């Protein structure tokens, strides 16, 4: 069975159009490089009392961003994480070199919370990363006691 050249052209236009639509649907809405992180964080992260630590910024590539915090007391906490820009981000929390938890958030601006227990007082580190970089991120650790 032979196809008319105009049938091939229509099929090619449909395939190209569907591919363009699929790429556009998977692309983030705005440019992460132009994002106003403090304004985004103010509207994304919940206000809370008892914030022990917090951070926000841009993850420009797949390399993890590690922040170290000192003097974190042992106890129960609520970790809230969020990211924007499309994809997913991961937040590894460790104390004294031992992993406490890994939290993840879809990069749609919706915060995710998890309860964690810091086993002993001392330094705490949080590593933020994303294979879908660039993305923007924010997290906060709030005392649960």
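Per-structure values
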| read-out | value |
| --- | --- |
| The range 30-83 versus the range 84-140: alpha-carbon centroid distance in Å | 8 Å |
| Nitroxide proxy distance, nm - points 7 Å out along Cα→Cβ at residue 69 and residue 31 | 3.3 nm |
| nm² value of the averaged projected area, convex hull over the Cα atoms of the range 55-145 | 5.0 nm² |
| Highest average packing first - 41-53, 97-109, 75-87, Cβ atoms within 10 Å | 75-87, 97-109, 41-53 |
| Relative packing of 32-39, 119-126, which averages over residues the other C-beta atoms within 10 Å, highest first | 119-126, 32-39 |
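FYI, it's all coordinate maths here, none of it is from the lab. Keep in mind that this is a model prediction, so the values were computed, not measured. Quick reminder, even Gly has a Cβ in these numbers, built from the backbone with ideal geometry, and neighbours come from all protein chains shown.
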